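Student: Please see the structure below; I have some questions.
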Amino acid sequence: MPRVGLVYDQVYLKHDTGSHPENGRRLTAIMEHLNETHTREKLINMKPFPATERELMLVHSKSHILHIKQEAEGGGGYLDADTVVSFGSFEAALYAVGGAIKATEAVMTGEVESAFALVRPPGHHATRDETMGFCLFNNIAIATKYAFNKYPIKRIAIIDFDVHHGNGTQAAFEANPDVLYVSTHEAPLYPGSGSVSETGTGEAKGTKVNIPLPAGCGNAEYERAYREIVVPVVTRFKPELLMVSAGYDAHFADDLAMMRLTVSGYSIIVKFIKELADSLCAGRIVLCLEGGYNLRALAASVKATFDVLLGNSEIQDTLGKPDERLTPPDITPVLEQVKRIHSLT
C-alpha cells in the first residue's frame, strides 16, 4: 500500500469564525468521515508545527504578519469584506503554514509518497500584503518556496483545482520560471483574476496556465481540461514535485459557486495528478486544503482523494449527481484559446 500522510491538528479549530462559511466544522466533518470509514487508520498521521516569521516572510511582508497578529490578539474581527479572525487565528495560521511545510518535508525526505495537509485557514488568495477570500497566509506558496530553499530541486508545479482562482499563489511566482502554476476555476467569479492571458512575466512567461471555465461545468468538462491541457503542460514542464491547492467548492452541492463536479469527478482529477506524479517525480505530491463549504460534499471528496492516493479503485459517491437535464456549457473555445497561447496545438 502506498505511504500516504495526513497532517492535522485541533489547533486549526482555534480559528473561530462562527457561522462564516469557512468554519471549523469543515475540518471536524472531514475527520469524522475519515474515522467512520476507517480511512484514517490507513494513513500516516503527522502533527504540524508553527511556522517561523522567517518562513512566513518567504512570501509575506513583515507588516502583513504583524497586522494579522495584532488584529487577532486584539480580539479579532473582519480584516476585509470576506476574511475574519478571532483571538486564536494567528496561532492557527502559523500551524496552517507549518502543516503545509510538514507535508512537504515528509514527501521530500521519503517518509511518505504523498501527503495531504488538512489545514485552515486556507491560503491561495493571500498576497504579499493582503488577506483575501478567507485566507491569511499563503500556505502552499510558502511551502513551495521552502522546498526550493531546503532541497536540491529545480522545478515545482502547482495545480490548483479550487473553484476560485488562486490569485495570491500566482502573484507569488509571477516572475519565477521554475514554478508552473496551473489553475482550473469558474469564471466570472471571485476574485476576478485568472484570465487566459495571464501567463507570467519576463522569463516566466508561459509558466502560468489559467483555464477559466464557465459556470455549469461538470465531470466531463473537467476531465477534458485535464486531459487536453493540464496533463500535457505539466508533462512538458517536468516538475520534480507536485503541489496541489485542493479546493472542493466546485462540487454541485456547494453554494459558493455554480459548478457541477461530483465526488467521482474529484477522484478523476486526483487520478490525473497521481499519474503525473508517478511518471514525472517519483510520486511526490503535497496537497493543501483550500475551499469546500458543503460539509458532506467536502468530507466525501477528501475521502475520495485519499482513496486515489492509497490506490483504492472503488470510489464511494453517496451524494449522487446533479440535475442531468441541464445542458453543460461548450468549453471548446476556452480550451482552444489556452492551447494556442501555450503552444499545445
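The values are calculated or read from the model by the stated rules, or taken from the named source; none is laboratory data. It should be emphasised that the depicted structure is a prediction, and the values quoted were computed from it without experimental measurement. Counting neighbours? That spans all protein chains shown, and the Cβs are built from the backbone with ideal geometry, glycine included.
Student: Got a sec? Which of Asp254, Asp330, Asp249, Asp278 is at pLDDT 95 or above, part of a helix (DSSP H, G or I) and over 22 Å from Thr207 (Cβ atoms)?
Tutor: Working: Asp254 fails: part of a helix (DSSP H, G or I); Asp330 fails: part of a helix (DSSP H, G or I); Asp249 fails: part of a helix (DSSP H, G or I).
From the options Asp254, Asp330, Asp249, Asp278, the qualifying one is Asp278.
Student: Only residues in the stretch 1-18 that are under 10 Å from Arg120 (Cα atoms) and among the aliphatic types (A, V, I, L, M) count as the first member; pair them with residues that are surrounded by fewer than 22 Cβ atoms within 10 Å (Cβ to Cβ) and at pLDDT 95 or above, Cβ under 6 angstrom, at least 6 apart or cross-chain, and list the lot.
Tutor: The qualifying pairs are Leu13/Gly24.
Student: Then there is this: Restricting attention to the stretch 185-243, report how many residues are more than 20 Å from Gly265 (Cα to Cα), among the small types (Gly, Ala, Ser), in a loop (DSSP other than H, G, I, E, B) and touching a Pro at 6+ places or on another chain (Cβ under 9 Å).
Tutor: Total satisfying the criteria: 4.
Student: Out of all the residues in the stretch 129-150, is one or more among the small types (Gly, Ala, Ser), touching a strand residue (DSSP E or B) at 6+ places or on another chain (Cβ under 7 Å) and within 16 Å of His60 (Cα to Cα)?
Tutor: yes
Student: While we're looking at this one, here's another question. Do any helices (runs of 4 or more DSSP H) lying entirely in the stretch 27-112 carry at least 1 residues that are surrounded by fewer than 14 Cβ atoms within 10 Å (Cβ to Cβ) and of a type in the set (Lys, Arg), and which ones are they?
Tutor: Helices (runs of 4 or more DSSP H) meeting the threshold: 53-56, 62-73.
Student: Related question: Of the residues Ala147, Ala126, only one is touching a residue at least 60 places away in the same chain (Cβ under 8 Å) and either touching a Phe, Trp or Tyr at 6+ places or on another chain (Cβ under 8 Å) or of a type in the set (D, E, K, R) (or both); which?
Tutor: Ala126
Student: Moving on to the next point. Which of (1) closer than 20 Å to Pro121 by Cα; (2) in contact (Cβ under 8 Å) with a residue 60 or more places away in the chain is the odd one out, the single condition Leu43 does not satisfy?
Tutor: Among (1) closer than 20 Å to Pro121 by Cα; (2) in contact (Cβ under 8 Å) with a residue 60 or more places away in the chain, the lone unmet condition for Leu43 is (1).
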